[in-house]
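The values are calculated or read from the model by the stated rules, or taken from the named source; none is laboratory data. As the structure is a prediction and not an experimental result, all values here were calculated from the model. Because the Cβ atoms are built from the backbone with ideal geometry, glycine has one as well, and the counts that use them run over all protein chains shown. In case anyone asks, the SASA skips ligands and DNA or RNA and just uses the protein heavy atoms, side chains included. Shrake-Rupley method; radii C 1.70, N 1.55, O 1.52, S 1.80 Å.
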Amino acid sequence: MTGLSPSVLLITVIGYFMVLLLISMKTSKNADSATFFNANKQSPWYLVAYGMIGATLSGVTFISVPGWVADTQFSYMQMVLGYLLGYFVIATVLMPLYYRLQLTSIYTYLEGRFGGVSYKTGAAFFLISRIIGAAFRLFLVAMVMQTFVMDAYGIPLAVTALITIILIWIYTHRGGIKTIVWTDVLQTSFMLIAVVTTILVIGQELQLSVGNIIATVQSSEYSQVFYFSEGWQDSKNFFKQFLGGAFMAIVMTGLDQDMMQKNLSCRNIGDAQKNMFWFSITLVFANILFLSLGALLYIYAAEQGIEIPERGDLLYPTLALNELPSLIGVVFILGLIAAAYSSADSALTALTTSFCIDILGFQKSELDEVEKKNLRLKVHLGFSLVLFVVIMIFDSINDQAVIKAIFTVASYTYGPLLGLYAFGFFTSLQVRDKLVPFICLLSPLLTYVINANSEILLAGYKFGFELLLLNGLLTFMGLLLISKKKRHI
């Protein structure tokens, strides 16, 4: 059993952070605004592809997906397969457009297509979406650190969350996206090492060879992937999950400045597309690992007579830090921090980039480089404080698995972005620019009302993650209502 004390875990965290700081010092030399925003477009595509695995999986996948297996089995893979379709659309439709327009912020597209108000509206919805998503992810990690480390010292969650954000700010505030491309490589490695090591050690504890581990997972009650026979009312229905996954990938990667900023730091569109294709394939296998880990955790707990935590999110940390050998406690903490930092650091950088370019108009500003740098640092610090406040709010209201909460919130906040871009791509119509914010606010409200009453309105139908499609469709229809004439292109 693990004999790790909170002091050992804390030293592990400090040691890991020092490594990140060294990378930051190396990559932020002579950094300017272009370095911060797009790494001077010199990022090797294979590093971006590998690092994006960690950024996409995040602390939510690291903890929540294994804990989710008891309730949903391997049905999450249906969404992951849908991601492949979404990433194909991103690589072949969205990314060529972004590179052709030479965008730093992807929301600049909306200004040229519809006007300044639409542009600001799209950027605002991204800011809201990413703040909420990043805060959810950081909350999950802070909660685990609090339970297994900080409580021993009498340190409250607020201090734990604040320390986490400060550490991220320290190593990202200078180099920005250039630093993150490299730190993501380290963090993805630690995350995957943690999962693979845990799987192998559990197998050893259960006296299973690698082949027997695979057979045990496949024959378990948790391994069902496809749900074709379930009706449309069932949230695990294949078509609902697949389509939901495809569109979730499009909006949470292709229409998200955070994820696209890494892709736009590649040397050219060819490198960026290679990055996206290799990343999407690798991500499928990474998710299989996480789901397999979840099945093994439940099997191990049953074999050892260990009580399952009430919150599935705490299953992995509970077993890793209290029940499994000490090695797993160390690799778990490293993997957890890696998962948290790989998503939160890029989110903080993307929020700063979008606000500076989309809201403050850096690219059109007459400020010199020193003035821009000082203002950028203030924005970076400001968003750090915002994330802290949202984490505290989420701590007071959260009552469900974090991964489900993130996808549910994303359905409401990313829906207007989906509708805006779809309308821009698939029609040649122009809209009344000043009315766009009203449509983008009304659509999520209507979506919420329809979702709350769907069983009555739609003969028992319950929405899952395809709620995003409804929101995007309502936005598209609303934009159609305020269109005024064909755009000549």
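Quote to one decimal, in nm, the extra length available between PHE438 and VAL389 on full extension: 0.36 nm per residue of separation minus the C-alpha distance between them.
Details: separation 49, 0.36 × 49 = 17.64 nm, distance 2.68 nm.
Taking PHE438 through VAL389 to full extension adds about 15.0 nm, to one decimal.
Which whole-number percent is the relative contact order of the chain (Cα, under 8 Å, 6+ apart)?
Numbers: 769 pairs, mean separation 157.9, N = 489.
Contact order relative to length: 32 percent.
Give the residue from LEU473, VAL386, ALA142 lying farthest towards the positive end of the charge dipole for the chain; charges sit on Cβ (+1 for Lys and Arg, -1 for Asp and Glu) and the dipole is referred to the Cα centre.
Final value for the positive-end residue is LEU473.
With a 1.4 Å probe and all protein chains left in place, how much of the accessible area of the chain comes from carbon and sulfur atoms, in whole percent?
Numbers: 12640 of 19380 Å².
Answer for the chain is 65 percent, counting heavy atoms of protein chains only.
Place the peptides 234-243, 153-162 in order of packing, highest mean first, counting for every residue the other Cβ atoms within 10 Å and averaging per peptide.
Working: 234-243: 19.8, 153-162: 15.6.
Per-residue mean Cβ counts within 10 Å order the peptides as 234-243, 153-162.
Taking the Cα centre of the chain as the origin, how large is its charge dipole in debye, to the nearest 20, when only Lys and Arg (+1) and Asp and Glu (-1) carry charge on their Cβ atoms? Could you put the intermediate results ahead of the total?
Details: 29 positive and 28 negative charges, 432 e Å.
It comes to approximately 2080 debye.
Please give me the summed charge of the neighbours of ALA246: other residues whose Cβ is under 14 Å from its Cβ, Lys and Arg +1, Asp and Glu -1.
The answer is 0.
Probe of 1.4 angstrom, ligands and nucleic acids ignored: what's the accessible area per residue over segment 89-163, in square angstrom? Walk me through the intermediate numbers first.
On the way: 2350 Å² over 75 residues.
Accessible surface, normalised per residue, equals 31 Å².
Excluding ligands, DNA and RNA, what is the solvent-accessible area per residue of segment 282-356 at a probe of 1.4 Å, expressed in Å²? All intermediate terms of the calculation are to be shown ahead of the outcome.
Details: 1970 Å² over 75 residues.
Accessible area per residue: 26 Å².
If the chain between TYR461 and VAL93 were fully stretched, how many nm would it gain, using 0.36 nm times the residue separation less the Cα-Cα distance? All intermediate terms of the calculation are to be shown ahead of the outcome.
On the way: separation 368, 0.36 × 368 = 132.48 nm, distance 3.23 nm.
Full extension from TYR461 to VAL93 adds 129.2 nm.
Give, as a single signed number, the net charge of other residues whose beta carbon lies under 15 Å from the beta carbon of TYR46, with Lys and Arg counted +1 and Asp and Glu -1.
Details: positive: LYS262, ARG267, LYS274; negative: ASP184, ASP271.
Summing Lys and Arg as +1 and Asp and Glu as -1 gives +1.
Name the longest site-free stretch of the chain, where the excluded sites are GluC sites (Glu not before Pro) in a DSSP loop with no more than 10 other beta-carbon atoms within 10 Å. Before the final figure, lay out each step's value.
On the way: sites that count: GLU307, GLU310, GLU366.
Longest run free of exposed loop sites: 1-306.
Run the simple label-point estimate for ALA152 and ILE170 please: 7 Å along Cα→C-beta, distance reported in nm.
With each label placed 7 Å out from Cα toward Cβ, I get 2.1 nm.
Could you sort out which of LYS240/LYS462; LYS120/LYS274; LYS29/LYS372; LYS120/LYS262 sit more than 19 Å apart by Cα distance in this structure? Could the numbers behind the result be given before it?
Numbers: LYS240/LYS462 10 Å; LYS120/LYS274 31 Å; LYS29/LYS372 17 Å; LYS120/LYS262 22 Å.
Check vs 19 Å cut-off fails for LYS120/LYS274; LYS120/LYS262.
Please work out the Cα center distance from segment 120-192 to segment 231-309, rounded to the nearest Å.
If you average the Cα positions of each part, the centres end up 19 Å apart.
Round to the nearest 10 and report in Å² the accessible area of SER7, as given by a 1.4 Å probe over the protein chains' heavy atoms.
Surface accessible to solvent at SER7 totals approximately 60 Å².
Would you work out which of VAL331, PHE362, TYR341 lies farthest towards the positive end of the dipole of segment 301-379? Charges go on Cβ: Lys and Arg +1, Asp and Glu -1.
It is PHE362.
Run the numbers for GLU303 and ASN268: contour at 0.36 nm per residue of separation, minus the present Cα-Cα distance, in nm. Working shown, then result.
Values: separation 35, 0.36 × 35 = 12.60 nm, distance 5.22 nm.
Fully extending the segment from GLU303 to ASN268 adds 7.4 nm.
Quickly estimate the mean residue ellipticity at 222 nm for the chain, helices only: each DSSP H run with n ≥ 4 gives -39500 (n - 2.57), and the total goes over all residues, rounded to 500. Working shown, then result.
Values: 21 runs with 351 residues, N = 489.
After summing the helix terms and dividing by the residues of the chain, the value is -24000 deg cm²/dmol.
Which option, (i) 23.0; (ii) 33.6; (iii) 25.5, is the value of Kirkwood radius over Cα pairs in Å that was calculated from these coordinates?
Derived directly from the coordinates: (i).
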